[in-house]
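What follows is a short report on a single structure.
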Amino acid sequence: MTAPTYYVTTTIPYVNARPHLGFALELVQADVLARHRRQRGDAVRFLSGTDDNSLKNVLAAAAEGVSTQDLVDRNAGAFEALRGPLDLSIDDFIRTSRDPRHRPGVERLWRACAEAGDLYRKHYEGLYCVGCEQFYTPAELTEGRCPEHGTEPQRVAEENWFFRLSRYQDRLLDLIRSGRLRIEPAARRNEVLAFIAAGLEDFSISRSHTRARGWGIPVPDGEDQVIYVWWDALGNYVTSLDYGTGGRDYDRWWVRGDRRVHLVGKGVLRFHAVYWPAMLLSAGEPLPTDVLVHDYLTAEGRKISKSSGAVVDPVALVGGFGADAVRWWLLREVPRVGDADFTVARLTARYERDLANDLGNLVNRVVSMVHRYRGGTPSPYQVKESDPLVAAWRAAPGRVDAALADFDFRLATAAVWRVVEEANRYVEESRPWHLARTDDAAALDQALGVLLAACQAVGELLVPFLPGAAARITAQCTPVDGRLPEPRHLFPRVSA
């Protein structure tokens, strides 16, 4: 029987500057979903990449006095290199200015929508935010400023190509209301439904060659226009599957794929839940099955972003505290709905409390007691379903499944932590050191056996969340030639 397919993607960020912790959040969330589905037996493809063709990149290069390609190459390399420090299991990484799969796919998508009668030219004048790379109506601005970046948009007038978004209003409403296009959390789904119900307007999908400063993918058939960066960028989800070059991946992962999952930040929801599905409908292609939306990270109350200057470097953070600490804070602290404020003190406190103390001390104590009282040889034990610890580790996989299906990483990690808490409680209640003094061999074997099994279960449960720590725990709790390895500290102490 063929395994179900699970295709999960992150957004592809502009590369006008180096990566920050806000994008690391999305990468880690996607990695958890990818590892979890692999653990459950699915065939998984995890895609990330960079949006190289933005005007923001051109302006950043000009300000720095370097060529756009040089700036893009340097910063895109920094994004791709995140897979190491953050311990990511990315299967594919696409760069829209360099990858030979991308331009043919964007051109195919353009021509498919043109053949459907959904592309036309018209003169347009509007308010344009370079930071968002989109036009705004006056009603969408906040006191005349972009609601996302707080900057005053530029007034732009030119003749561009437009896409007939208005044609797809009713179909989009039906798809989202029926759940065939699933948007989570519900508040974001309702936001999209309200936006569509208010009336969709056709949107510009090209820019003049002059305003784009010659950077980007040309409109097919040689016109003096380049394709709008968002049209170009959204296509990466299928161009990376050889949509434009005739490979087999598009059929396997998209056309016949079981799950096509986009992880996105709330600031780009409209593009992924309205524009992109409409483009696919026009081209006669399948839609994503899920759009999962996260809120923002802030640092000392300011949104973490390259534009605002409020930046937390994830590589430096991992260098100082380790991948376990950074991943665990992002998964354990960030709520399903609402922004989360990052501080080093909060990261350190969560790491020390959960990993170093609750989990690290648990595994160390259990393995040490097996060595002290049983010469390192695991004890025989009986699984008693009435035991709260056994019940916790039996229930945990199902609770993790349900939480991740609901895009709730905090609840998923809580399900794992219930086992850790029950195991620590079991240590204090069973008191193996006391059993050893009273020569109750059967009771001691039972206590040590159950505790070691619980630690092994935690190692398995943590694989999607903390793959490095999970491997260390599993190695520590797995006998070699019948004997456990000598105990060692799994989580070194850190200081803020």
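Would you tally the residues in the range 220-238 being touching a Phe, Trp or Tyr at 6+ places or on another chain (Cβ under 9 Å) and not in a helix (DSSP H, G or I)?
The first filter runs over the range 220-238 and keeps only residues touching a Phe, Trp or Tyr at 6+ places or on another chain (Cβ under 9 Å), leaving 220, 223, 225-231, 233-235, 237-238.
So of that shortlist, the ones also not in a helix (DSSP H, G or I) come out as 220, 223, 225-228, 235.
Of the residues in that region, 7 qualify.
Taking the range 116-149, which residues are at pLDDT below 70 and touching a Cys at 6+ places or on another chain (Cβ under 7 Å)?
Cys129, Gly131, Cys132, Tyr136, Cys146, Glu148, His149
Looking only at strands (runs of 3 or more DSSP E) that fall completely inside the range 43-131, which ones have 1 or more residues that are touching a Pro at 6+ places or on another chain (Cβ under 8 Å)? First the steps, then the outcome.
Numbers: elements: 43-50, 92-95, 119-129.
Hits in the range 43-131: 43-50, 119-129.
Scanning for something in contact (Cβ under 8 Å) with a residue 12 or more places away in the chain and under 22 Å from Tyr120 (Cα atoms), does the range 174-189 turn up at least one residue? Full working, then the answer.
Looking only at the range 174-189, we keep the residues that are in contact (Cβ under 8 Å) with a residue 12 or more places away in the chain, and these are 175-177, 180-185, 187-189.
Filter again for under 22 Å from Tyr120 (Cα atoms), leaving none.
Checking the range 174-189: not a single residue is in contact (Cβ under 8 Å) with a residue 12 or more places away in the chain and under 22 Å from Tyr120 (Cα atoms).
Is it true that Ala323 is surrounded by fewer than 22 Cβ atoms within 10 Å (Cβ to Cβ), under 18 Å from the mean Cα position of the chain (by Cα) and not aromatic (Phe, Trp, Tyr)? Step through it out loud before you land on a result.
Numbers: surrounded by fewer than 22 Cβ atoms within 10 Å (Cβ to Cβ): yes; under 18 Å from the mean Cα position of the chain (by Cα): yes; not aromatic (Phe, Trp, Tyr): yes.
Against the criterion (surrounded by fewer than 22 Cβ atoms within 10 Å (Cβ to Cβ), under 18 Å from the mean Cα position of the chain (by Cα) and not aromatic (Phe, Trp, Tyr)), Ala323 qualifies.
Could you say whether any residue in the range 348-358 is in contact with a Ser or Thr (Cβ under 8 Å, 6 or more places away or on another chain) and modelled with pLDDT of 95 or more? So that I can check it myself, show each step before the final result.
Narrowing the range 348-358 to residues in contact with a Ser or Thr (Cβ under 8 Å, 6 or more places away or on another chain): 348.
Now drop any that are not modelled with pLDDT of 95 or more, which leaves 348.
Yes, the range 348-358 contains a residue that is in contact with a Ser or Thr (Cβ under 8 Å, 6 or more places away or on another chain) and modelled with pLDDT of 95 or more.
State which residue is modelled with the lowest pLDDT when the search covers only the range 1-14 and only residues that are of a type in the set (Ser, Thr, Tyr) and not in a strand (DSSP E or B).
Restricting attention to the range 1-14, the residues satisfying the condition of being of a type in the set (Ser, Thr, Tyr) are 2, 5-7, 9-11, 14.
Then drop every residue that is not not in a strand (DSSP E or B), which leaves 2, 10-11.
Working: Thr2: 90, Thr10: 98, Thr11: 98.
Going through the qualifying residues, I end up with Thr2.
Answer with yes or no whether Phe46 is modelled with pLDDT of 95 or more, surrounded by fewer than 22 Cβ atoms within 10 Å (Cβ to Cβ), among the aromatic types (Phe, Trp, Tyr) and within 30 Å of Pro464 (Cβ to Cβ). It would help to see each step written out before you state the result.
Numbers: modelled with pLDDT of 95 or more: yes; surrounded by fewer than 22 Cβ atoms within 10 Å (Cβ to Cβ): no; among the aromatic types (Phe, Trp, Tyr): yes; within 30 Å of Pro464 (Cβ to Cβ): yes.
It is false that Phe46 is modelled with pLDDT of 95 or more, surrounded by fewer than 22 Cβ atoms within 10 Å (Cβ to Cβ), among the aromatic types (Phe, Trp, Tyr) and within 30 Å of Pro464 (Cβ to Cβ).
Among the listed residues Asp258, Asp202, Asp295, Asp290, identify the single one that is within 17 Å of Arg164 (Cα to Cα), in contact (Cβ under 8 Å) with a residue 24 or more places away in the chain, of a type outside the set (A, V, I, L, M, F, W, C) and in contact with a strand residue (DSSP E or B) (Cβ under 9 Å, 6 or more places away or on another chain).
Values: Asp258 fails: within 17 Å of Arg164 (Cα to Cα); Asp295 fails: within 17 Å of Arg164 (Cα to Cα); Asp290 fails: within 17 Å of Arg164 (Cα to Cα).
Within the list Asp258, Asp202, Asp295, Asp290, the selection yields Asp202.
If the Cβ limit is 8 Å and pairs must be 6+ apart or interchain, which residue in the range 372-396 that is assigned by TED's automatic domain parsing to the domain that holds Ala412 and touching a residue at least 60 places away in the same chain (Cβ under 8 Å) pairs with which residue that is β-branched (Val, Ile, Thr) and exposed (fewer than 15 other Cβ atoms within 10 Å of the Cβ)?
So the pair list comes out as Val390/Val383.
Residue check, Val28 against (1) touching a Lys or Arg at 6+ places or on another chain (Cβ under 7 Å); (2) aliphatic (A, V, I, L, M); (3) surrounded by fewer than 20 Cβ atoms within 10 Å (Cβ to Cβ), all met but one. Which one?
(3)
When you scan the range 345-371, how many residues do you find that are over 14 Å from Gly459 (Cα atoms) and touching a Pro at 6+ places or on another chain (Cβ under 9 Å)?
Total meeting the criteria: 6.
Look at the range 461-491 and say how many of its residues are closer than 17 Å to Asp87 by Cβ and out of contact with any helix residue (DSSP H, G or I) (no Cβ under 7 Å at 6 or more places or on another chain). Before the answer, list the steps.
Start the filter on the range 461-491 by keeping residues that are closer than 17 Å to Asp87 by Cβ, which leaves 461-475, 490-491.
From the residues that got through so far, the ones that are out of contact with any helix residue (DSSP H, G or I) (no Cβ under 7 Å at 6 or more places or on another chain) too are 471-472, 475.
Within the range 461-491, residues that are closer than 17 Å to Asp87 by Cβ and out of contact with any helix residue (DSSP H, G or I) (no Cβ under 7 Å at 6 or more places or on another chain) number 3.
Can you work out which of the residues in the range 188-212 that are among the hydrophobic types (A, V, I, L, M, F, W, C) and surrounded by 14 or more Cβ atoms within 10 Å (Cβ to Cβ) is nearest to Arg410 (Cα to Cα)? Talk me through it step by step, then tell me what you get.
Applying the first criterion (among the hydrophobic types (A, V, I, L, M, F, W, C)) to the range 188-212 yields 192-198, 200, 203, 205, 212.
Right, trim to surrounded by 14 or more Cβ atoms within 10 Å (Cβ to Cβ) and you get 192-193, 195-196, 200, 203, 205, 212.
On the way: Val192: 24, Leu193: 26, Phe195: 29, Ile196: 31, Leu200: 35, Phe203: 37, Ile205: 38, Ala212: 42 Å.
The extreme case among them is Val192.
Counting only residues that are surrounded by fewer than 17 Cβ atoms within 10 Å (Cβ to Cβ) and in contact with a Lys or Arg (Cβ under 7 Å, 6 or more places away or on another chain), how many does the range 361-379 have?
1
Checking the structure you have, find out if any residue of the range 220-230 is assigned by TED's automatic domain parsing to the domain that holds Tyr14, in contact (Cβ under 8 Å) with a residue 60 or more places away in the chain, surrounded by fewer than 16 Cβ atoms within 10 Å (Cβ to Cβ) and within 29 Å of Ala62 (Cα to Cα).
So far as the range 220-230 goes, yes, one or more of its residues are assigned by TED's automatic domain parsing to the domain that holds Tyr14, in contact (Cβ under 8 Å) with a residue 60 or more places away in the chain, surrounded by fewer than 16 Cβ atoms within 10 Å (Cβ to Cβ) and within 29 Å of Ala62 (Cα to Cα).
Tell me the residue from Ala17, Ala30 that is touching a residue at least 24 places away in the same chain (Cβ under 8 Å), assigned to a helix (DSSP H, G or I) and of a type in the set (A, V, I, L, M, F, W, C), please. Talk me through it step by step, then tell me what you get.
Values: Ala17 fails: assigned to a helix (DSSP H, G or I).
Within the list Ala17, Ala30, the selection yields Ala30.
Quick one: how many residues across the range 413-464 are within 38 Å of the chain's Cα centre (by Cα) and small (Gly, Ala, Ser)?
8
The values are calculated or read from the model by the stated rules, or taken from the named source; none is laboratory data. The shown structure was predicted, so the numbers you read here are calculated from the model rather than taken from an experiment. Quick reminder, even Gly has a Cβ in these numbers, built from the backbone with ideal geometry, and neighbours come from all protein chains shown.
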